[in-house]
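Structure first, commentary second.
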Amino acid sequence: MTPQTTEEDTRPAIKALPEPPDLPPPLPEPAVEEIRLETVLAALSDPLRLRIVCKLLLESEQFDHTCGWFGLDRPKSSLTHHFKALREAGITRQRQYGLERRSHVRVADLNTRFPGLLDLVADWTPPER
């Protein structure tokens, strides 16, 4: 008898790397209890922001990443806007390291507020270009 594959077995694994010691404080963001579903969904409705969150969830190589790590061919002002929208929605946490900002997804916070949402985001397949 062969074991059956469940839907959970085929889902991509979300990477939640441990928080290193001595991190700078996060930039202003909503508290966990202030994160609103409609705000999160509005932020994720933009395909570029959805792509950013997916990449952080599935491909993170370290705890947090600079915007250059994403390899996005967009003006810096545009990227700043998108990363700020994700942070202000409560999806990502950003920290200032000297002149650069680094981001990671607030996995535990979002799983507490909206169980299963990040699994859906990680399971999203971007359309072919």
**Prompt:** For region 69-104, which residues satisfy the criterion of being within 14 Å of PRO28 (Cα to Cα) and among the charged types (D, E, K, R)?
**Reply:** LYS84, ARG87, GLU88, ARG93, ARG95, ARG101, ARG102
**Message:** Looking only at helices (runs of 4 or more DSSP H) that lie completely in region 1-116, which have at least 1 residues being closer than 20 Å to PRO127 by Cα and modelled with pLDDT of 90 or more?
**Reply:** 37-44, 47-59, 76-89
**Request:** Hey, can you tell me all the residues within region 49-80 that are loosely packed, with under 14 Cβ neighbours inside 10 Å and over 11 Å from the mean Cα position of the chain (by Cα)?
**Result:** GLU61, GLN62, THR66, GLY68, GLY71, ASP73, ARG74, PRO75, LYS76, SER77, SER78, THR80
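The values are calculated or read from the model by the stated rules, or taken from the named source; none is laboratory data. What you are looking at is a predicted structure, and each value in this text was computed from that prediction instead of being measured. Counting neighbours? That spans all protein chains shown, and the Cβs are built from the backbone with ideal geometry, glycine included.
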